[in-house]
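Encoded as structure tokens, the structure appears first; notes follow it.
The values are calculated or read from the model by the stated rules, or taken from the named source; none is laboratory data. Everything numeric in this text was worked out from a predicted model, so none of it was measured. Cβ placement follows ideal geometry from the backbone for every residue including glycine, while neighbour counts extend to all protein chains displayed. These area figures cover heavy atoms from the full protein model, side chains too; ligands, DNA and RNA do not enter into them. Shrake-Rupley method; radii C 1.70, N 1.55, O 1.52, S 1.80 Å.
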Amino acid sequence: MAAEDSFRDYVAARLVSLSRAAYLLTGDRHLAEDLVQQALIQVASRWERISAGGDPDPYVRRVLYHQHVSWWRRRRLVDRPHADLPEKAVADRAADKDVEITVRQALRRLTPKQRAVLVLRYFEDLTEVQTAEVLGCSVGTVKSNTRDALARLRSTAPELADLREAR
Amino acid sequence: MKELKELADEMTPARLPDDLWGAGRRLRRRRRVGYALAAVLVLVLAVTLPEWAAHRRAAIVPADRPGAVPSRVETPHLWQAKVGQWPAGPGGPASLVFFTGQTRYLEGTGVVVGTNGSYRLIYQKVGEGDGMLTPDGRHYVGPGLRLLDLTTGDERQLSGEPIWGEPLAFSPDGTELLIGVNNDDGVITYGDDTVPDNDPEKPDDLVAVDLRTGERRFVAVGRMNSYTTAAWSPDGTRIAVEGPVGRADVGRRLSVMDARTGAPLWTVDNFAPDRRLAGRAAWTPDGGLLAVLGFEGCVNACDQAGESARRWRLDLVDAGTGNVVAQPVPIEGLPGEVVGWRDGRDAVLTYTPVRAEPDHRTLVALRPSGEVDTLVDTPPGVYNLEVPDDLLRSGSFGGTPPTPSPWAAPAWAYLLVASPFLLVLWIFRRRRQRRV
């Protein structure tokens, strides 16, 4: 029961942060909820091992991001991806926040990995090395994904021109 | 990047199910079961694949590869594959074939033991006679001259119409097979003892069939009601034949004839009913003598006890005259047929060591003193066995007893074993898909 309690404590402490990251990754509240749930179920299934290693955050983050990429791959088989998503879905929810709409639309035009890199670097404030560890790729891949993501953001949302490649 | 943070602030904490922890535990259990199944699968493949590879290699082993006849064989598994049955493969050239009812068919079945130790079944229809192995052990010659290639599993009809009759003996060079062709056309004639006999009005023919071409050559037309035993002389020039003659098969005839023309060299028309030509290898290796099996005891209308009580012996008669020329060799058990010779002196014969157990047939070498050396032992229930002539001539006996591989099974057996695992996997997958 100690393991279950510590898991519940951890979830209570980190739920807000995880939910926000999931929202940025998916761009949808319901999908973000599903993503957090699935990731936490995965984490619960291995909690003893994860918690024994000290800080569970790196592992939990890795599960969340990999789950997101793997979701996207699996859904791609049944739901064809949209290069240009309908704007109506977001327009009525944040009509008064032009920048946020722009960011959301711009994010949706990124690949899952590009979006993950962006969220890890600029929302979670991880370094390139930490980002590479979470995504299980090389630092070079992180760099190129970041560069491509920022380039695409700038082209689709010039308002974000103040973004910098390197931190 | 403040825009990202502001966007993220829109998100309220995700609602979580009450049993999040329980869902994680269930996932852990499913994962463990999956690992266990994967481990079993890997184990099965690890054991099976080398076996398959060995069988594939055996399929291309040349027929003249030297081998040894195993000293003992075992009853095959109930799920043992037939010759050529996928995925086990054919099994390769035979070191012997034995016939038993102890298989899944619950009827007489041929069991081929390959020179590589493989076990494969040959299905026999109800009442079907036992076939013979070609001298090189590569083919099984079934009824009607159907040739089963033991190295590929292919079965084909030797060219022309099927020949229905008794396969008797191969020529010394292994090219021709002597067959007593049944000419009775299904007519049953009853003798004085109400036992169905051959119709003397329709005597059988002796035919030599070339197994390479399917060409048939009549060696003797008529002459006997049927041909029960034939033996080719070692030099291939003469054939000794024995069979019943006269109404109700009352008489027996032993004849030695020219192998090419069929011209009789000598004939004994009143061959005693308590004697018979010893078998397909009745000629001694030097071609000078013929082996004849004789007995003392009940001759006519004998019950099983009377037959079991017979005292058997092996006589050697002059191949030129038919006169007994050597001391008889006493035989303790029940002799079957002389199929070869060891060291030019000891007759090699199929043999039932215990008179009361007719379904225990072995292969033994009979010394002139009457002692027997068991060359091949078999499990109970084996009523006949065959060893290829080439191995008999080379005297390659005493091979390591092979054990039938449980993996040499037909695809349905694998499916049967795998079905519970597949069902569990399917259920897991379906549940997972539903959840997603």
- Task: Enumerate the pairs (first residue in the stretch B:295-308 and touching a residue at least 24 places away in the same chain (Cβ under 8 Å); second residue anywhere and assigned to a loop (DSSP other than H, G, I, E, B) and open to solvent by 50 Å² or more (accessible area, probe 1.4 Å)) with beta-carbon separation below 6 Å, excluding pairs fewer than 6 apart on the same chain, so at least 6 apart or on different chains.
- Result: B:VAL299/B:PRO273
- Message: Suppose we filter the stretch A:1-20 for residues that are among the aromatic types (Phe, Trp, Tyr) and either open to solvent by 50 Å² or more (accessible area, probe 1.4 Å) or more than 7 Å from every other protein chain (Cβ to nearest Cβ) (or both); how many remain?
- Response: 1
- Task: Could you list, in sequence order, all residues of the stretch A:26-53 that are open to solvent by 10 Å² or more (accessible area, probe 1.4 Å), in a helix (DSSP H, G or I) and either under 22 Å from A:ARG121 (Cα atoms) or within 10 Å of chain B (Cβ to nearest Cβ) (or both)?
- Result: A:THR26, A:ARG29, A:HIS30, A:LEU31, A:GLU33, A:ASP34, A:GLN37, A:GLN38, A:ILE41, A:GLN42, A:GLU48
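Okay, residues lined up against (1) more than 31 Å from the chain's Cα centre (by Cα); (2) in contact (Cβ under 8 Å) with a residue 60 or more places away in the chain; (3) within 24 Å of B:ARG393 (Cβ to Cβ):
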| residue | (1), (2), (3) |
| --- | --- |
| B:GLY236 | no, yes, yes |
| B:ALA240 | no, yes, yes |
| B:LEU265 | yes, no, no |
| B:THR284 | no, yes, yes |
| B:ALA291 | no, no, yes |
| B:ASP315 | no, no, yes |
- Message: Among the residues of the stretch B:117-124, are any open to solvent by less than 40 Å² (accessible area, probe 1.4 Å) and of a type in the set (Lys, Arg)?
- Response: yes
- Which numbered condition B:PHE295 misses (of (1) under 20 Å from B:ARG345 (Cα atoms); (2) out of contact with any Pro (no Cβ under 7 Å at 6 or more places or on another chain); (3) open to solvent by less than 50 Å² (accessible area, probe 1.4 Å)): (1)
- Task: Under 6 Å between Cβ atoms, at least 6 apart or on separate chains: pull out the pairs that start in the stretch A:125-137 with a residue that is closer than 19 Å to B:LEU4 by Cα and end on any residue that is surrounded by fewer than 17 Cβ atoms within 10 Å (Cβ to Cβ) and among the hydrophobic types (A, V, I, L, M, F, W, C).
- Result: A:GLU128/A:VAL139
- Quick one: which of B:ARG276, B:ARG280 is part of a loop (DSSP other than H, G, I, E, B), in contact with a strand residue (DSSP E or B) (Cβ under 6 Å, 6 or more places away or on another chain) and surrounded by 18 or more Cβ atoms within 10 Å (Cβ to Cβ)? B:ARG280
- Note on the structure: For the stretch B:330-388 the number of residues that are part of a strand (DSSP E or B) and of a type in the set (D, E, K, R) is 6
- Message: part of a loop (DSSP other than H, G, I, E, B), within 30 Å of B:ASN225 (Cα to Cα) and in contact with a helix residue (DSSP H, G or I) (Cβ under 8 Å, 6 or more places away or on another chain): which single residue out of B:PRO135, B:PRO87 fits that description?
- Response: B:PRO135
- Message: Step by step: first the residues of the stretch B:29-38, then only those that are without any contact (Cβ under 8 Å) to a residue 12 or more places away in the chain and open to solvent by 60 Å² or more (accessible area, probe 1.4 Å), then the one that is farthest from B:SER419 (Cα to Cα). Which residue is that?
- Response: B:ARG29
- Message: Against the definition (buried (at least 19 other Cβ atoms within 10 Å of the Cβ), of a type in the set (Phe, Trp, Tyr), in a helix (DSSP H, G or I) and within 10 Å of chain B (Cβ to nearest Cβ)), how does A:TYR23 come out, yes or no?
- Response: yes
- Query: on the phi > 0 side of the Ramachandran plot and either open to solvent by 30 Å² or more (accessible area, probe 1.4 Å) or over 29 Å from the mean Cα position of the chain (by Cα) (or both) - does that describe any residue in the stretch B:302-312?
  - Reply: no
- Query: Among all residue pairs at least 6 apart or on different chains, which show Cβ distances below 8 Å where the first residue, located in the stretch B:353-368, is within 15 Å of B:ASN384 (Cβ to Cβ) and the second is assigned to a loop (DSSP other than H, G, I, E, B) and hydrophobic (A, V, I, L, M, F, W, C)?
  - Reply: B:HIS360/B:VAL354; B:LEU363/B:VAL387
- For the stretch A:78-149, which helices (runs of 4 or more DSSP H) that fit wholly inside it have 1 or more residues that are at pLDDT 85 or above, closer than 15 Å to A:LEU24 by Cα and within 14 Å of another protein chain (Cβ to nearest Cβ)? A:112-118
- Query: Going through the stretch B:157-192 one residue at a time, which ones are open to solvent by 10 Å² or more (accessible area, probe 1.4 Å), assigned to a strand (DSSP E or B) and modelled with pLDDT under 90?
  - Reply: B:GLN157, B:GLY165, B:GLU166, B:PRO167, B:VAL181, B:THR189, B:TYR190
